[in-house]
Structure formats: structure tokens, C-alpha cells
1. Given points 7 Å out from each Cα along the Cα-Cβ axis, report the Lys165 to Cys42 separation in nanometres with one decimal.
2. Sorted by mean Cβ packing within 10 Å, highest first, what order do the peptides 118-126, 181-189 take?
3. Can you give me the distance in nm between label points at Ile372 and Lys405, each placed 7 Å from the Cα along the Cα-to-Cβ direction?
4. Heavy-atom accessible area of Arg169 with all protein chains present, probe 1.4 Å, nearest 10 Å²?
5. Accessible area per residue of segment 7-108 at 1.4 Å probe, in Å²?
6. Could you check how much of the accessible area of segment 117-300 is carbon and sulfur, as a whole percent, using a 1.4 Å probe?
7. Once the dipole of segment 7-108 is set up with Lys and Arg at +1 and Asp and Glu at -1 on Cβ about the Cα centre, which of Thr45, Val98, Gly73 lies farthest towards its positive end?
8. Classify segment 117-300: rounded, prolate or oblate, from the alpha-carbon gyration tensor (a ≥ b ≥ c, eigenvalue square roots; a/c under 1.5 rounded; otherwise prolate if a/b is larger than b/c)?
Amino acid sequence: MSNQFEVEEVKRAANGQWVSILAEAGLPTELLDGRGQPCPKCGGTDRFSAFRDTEETGGVMCRQCFSERNGDGLSTIQWLTGWSFPESLQFVAEQVGVQPTAGVTTCREVDIVATVARAKRMPVEVLRQFGAESTKRRGKPVARVPVYNEDGQQHSYFDLTPDGKGLFRKGKGSAGVFLPGQLPKRGETRLLVEGCKDAAAFVGLGFKAAGLPRNEMEAKYAQLFEGCDVIIAPDLDSAGMTGAQKTGGRLKWIAASVRIARLPGEVVKSGGQDVLAKDGEQAVRTAIEAAIPWEPSSSDADDDRPEVLITFDEAEVATEVLKHLGGLTCPISSPVSDGAERPAIFEHCGKLVHIVNERSPENSLDDSVPQIQPLEKPIIRERITQAVRLVEETNSKDGTILVPKRPPDWLTQSIQKRGNYKYIRRLEGITGAATRWQCDSEAWLRRAVRNPVSTELCFSGDP
Ligand SMILES: [Zn+2]
């Protein structure tokens with residue numbers, strides 16, 4: 001038994017919403033601009049177009065597919081998906097919230113993976129090879145593609161809908177790699193591209209590909225490509241090119257070889273176009289064969305600060321930053337400067353402190369006395385930026401990219417007020433005896449740091 005819907009009622013409800021209904025069924029919205037476009041079913045360059053009143057009627061035209069004017073959205077759905085009339089009617093009814101007049105069973109489940117594949121113009125079997133499965137996100141059907149971590153385990157996912165960019169698992173979801181089933185193997189050639197969609201397109205062309213959720217790959221994922229010949233094919237925008245350069249550097253000593261392919265087209269500032277769609281397959285193959293070995297560039301000048309991703313999990317971000325703050329050092333300036341360093345930040349009585357050398361007015365000698373001083377907010381901000389590179393994910397036309405961030409207020413606050421500093425070295429105090437050393441205060445400090453049992457400067461435990 002199937003659900004019964006009143007055809008006219010469904011059509012009335014769909015009037016004015018057809019573009020989004022067709023998008024949900026897998027018709028790319030950009031083909032509905034009224035101009036001549038390639039047909040989503042039969043290809044070509046300009047044989048397909050939307051009517052001026054497509055939003056009201058759902059009618060579209062293809063010179064090849066339709067022999068007569070097709071001014072009806074339900075026919076469009078049938079033609080696009082291959083569903084029967086009752087199935088198409090039910091689909092539209094569900095989209096616009098029309099209830100069935102009779103019948104309670106569902107006769108058709110939308111295969112969301114197939115729908116997404118159609119909308120994104122990827123072969124559905126390739127999308128399944130990347131592990132895509134039908135599921136729901138906030139009640140809405142999505143095709144969920146797994147994201148792999150550095151150990152080759154699925155640790156996150158990316159949800160694709162027929163329209164829209166796709167969403168990662170909340171939080172740290174966008175770190176990792178998209179892989180078509182098998183992990184990269186030593187000795188094989190792997191193409192590394194941006195995004196799941198591009199990776200699927202290349203797999204569709206017969207390449208072994210992997211997709212990066214962002215425009216650069218974090219260093220820890222390089223181990224997945226150990227012993228592989230990697231060809232990075234970045235998007236043609238400046239973020240893509242910069243990202244590829246960084247990714248190359250991270251793969252350099254781990255992959256057997258690293259090359260960068262310059263896909264045909266111009267590098268634009270942002271919004272690099274979809275190369276596969278634009279240029280022919282052959283041009284893309286030629287570009288990949290012509291990939292050139294990765295070379296370090298002068299602009300890579302090593303910013304070796306570790307990257308910390310700002311997420312909604314504020315406690316986790318603060319802990320991560322504190323870990324790196326604990327490792328931050330500063331040089332000990334002393335008459336015999338040998339480049340020795342000491343921690344830049346200590347914990348003292350549950351507060352973050354640093355040691356400043358203060359000149360005491362009653363001291364006739366031209367020297368200073370080390371003092372414990374609380375770390376004020378501006379200094380905490382400064383130390384954070386010295387210790388780590390804060391980045392935040394943002395959705396751009398090119399998908400999810402990372403943008404540098406200044407330390408947000410909640411982070412400095414949280415670090416200042418936390419009271420519990422697991423990763424920060426504890427300083428019990430500088431005893432009165434310090435004054436005995438004032439003529440040689442930095443040397444004194446150095447001895448104290450080297451020898452934590454020193455009575456003058458007492459550490460308890462290791463960080
Ligand atoms: Zn057609």
C-alpha cells in the first residue's frame with residue numbers, strides 16, 4: 001500500500017519552492033539560472049535551461065531529453081531521478097510538508113547517497129568507495145563520508161546534502177584525510193587534492209586519490225603517505241597554492257617523493273574553479289604528468305609554532321595552549337651568556353607568574369633582583385602568540401579553510417583564572433637568600449633552575 005496525496009494540493013504547496021525542491025532531488029541550483037547549461041542527464045554545453053517561472057512550476061527544458069515543453073516540476077523530478085509518478089509525488093509532498101490523505105506506509109526511501117552524487121556530479125559508486133552512507137543530521141538526510149586520522153582510523157565525518165557545502169562533525173571534525181576505501185600503500189602514487197568531491201572526481205578518472213578536508217595537511221597526517229609518491233594537486237587559488245607548499249614540506253621526508261601538479265587554469269585570489277568541470281579530462285591528466293618536484297620556498301621560513309585549532313570546546317583549547325605555554329622558554333641573560341634558557345612562565349600559589357629582574361633603589365650596585373610577578377593579561381596574550389599559532393576554521397567559497405586568530409578574550413581569561421596548571425612548572429618561591437645573589441642574579445637563577453632542590457628558588461615536581 002502506498003501513501004495517497006492530492007496532486008493539486010502538492011503542486012499548490014510546491015509553487016514558489018521548486019528550486020530548492022529540485023536541489024534536494026539532486027539538480028544543481030547553478031544550472032537553474034535561466035541560461036543555457038549542460039544537461040544534468042545527458043551532458044552537452046548549453047542544451048539545458050530553466051524556465052523563467054521554474055520557481056513557480058518546476059519546469060525545465062533540455063533540447064535532447066524533452067521532445068516537448070516540460071512545464072511541470074513533477075515530470076522534472078521523474079526525469080531527473082527515474083522515480084515513478086507516485087514516488088515523485090511523495091517526495092515533493094514530504095519536501096513541502098503535505099500530509100497523505102490515505103495510507104501510512106512509506107513506499108520509497110530516498111537514496112541520499114545517490115541523490116548527493118547526482119547533485120555534485122560524481123559517480124555514485126565512487127562516492128560509496130569513499131565510504132558514504134545514508135544517515136540523518138538534525139533529522140535531515142545526509143550522505144556521511146568518513147574522515148581518517150593519522151593512524152588510518154575513521155575519527156570524523158563529513159555530511160553532504162544535495163545543496164550546500166557540506167558540514168563536518170562538530171568540533172575537531174575537519175582534520176584528517178578522505179580516503180577511497182584503502183589506506184595509501186608504500187610504493188604507490190597518490191594524488192592529494194582538496195575536498196572529498198575533487199578526490200572522488202579523480203578516483204572516477206582512475207587515479208588513486210586522497211582528499212584533504214582543508215587546503216593544507218597537518219604534519220601528523222604525513223605518516224599515512226609513508227613511502228608513497230605523492231602528487232599534490234591544489235585548487236587554483238592562493239590559499240590552495242600556499243597550503244600545497246606547506247603540505248609538501250610536511251611530506252618531504254616521509255613520502256618517497258613529493259610533486260606538485262599545476263592544474264590548467266589561472267590562480268585566482270580565492271574561489272578557484274572546479275578544474276575538472278571546466279577543463280577537459282585530458283588537460284588534467286597532462287597537468288598531473290607534468291607535476292614538478294616540491295621545493296622549499298623562501299616564504300616557508302620556519303614558523304614552527306604548533307598550530308592550535310580554536311573550537312567550541314574551550315576547556316580543551318585552553319589545555320592545549322597551556323601545554324605549549326609550559327614549554328615556552330626565555331634566555332637567561334647573564335655575564336656569561338651561553339644561550340641557556342629557563343621557563344618563561346611559572347605557577348606560584350595557583351597563579352601564573354613570571355620572573356622579572358627589578359632594580360632595587362637602595363641597591364648601589366648596577367644590578368637587579370629577580371622578582372616573582374603575576375602574569376597580567378596583556379603578557380598572557382603575548383606569551384600565547386609566542387607559544388602557538390591559533391587558527392580557526394571558516395567556511396569560504398573554497399570550502400573549509402583555516403584563518404589565523406588573535407588570542408580571544410575567553411582564552412586569556414581562562415588561562416589566567418584557571419588555578420590548576422598541570423603543564424606549567426611550579427615555582428615555590430624565591431627566598432630571602434636571593435639577595436645574597438643579587439650581584440649575580442641571572443646566574444643565580446640559572447643555577448636554581450638547573451638544580452630544582454636549590455633553597456633559593458624552589459620548584460616542586462616536574463611539569
Ligand atoms: Zn538532457
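1. Spacing of the two 7 Å Cα→Cβ label points: 3.6 nm.
2. Numbers: 118-126: 18.9, 181-189: 12.9.
The densest-packed peptide leads the list: 118-126, 181-189.
3. 3.3 nm
4. My reading of the accessible area for Arg169 is about 110 Å².
5. Value for segment 7-108: 49 Å² per residue.
6. 50 percent
7. Farthest towards the positive pole: Thr45.
8. Working: a/c = 1.58, a/b = 1.30, b/c = 1.21.
Prolate is the answer for segment 117-300, as a/c is 1.5 or above and a/b outweighs b/c.
The values are calculated or read from the model by the stated rules, or taken from the named source; none is laboratory data. Remember, it's a predicted structure, so these values are computed and weren't measured experimentally. Cβ atoms come from the backbone with ideal geometry, glycine included; neighbour counts cover every protein chain shown. The protein model used for the area step is the full one, side chains on, heavy atoms only, and it has no ligands, DNA or RNA in it. Shrake-Rupley method; radii C 1.70, N 1.55, O 1.52, S 1.80 Å.
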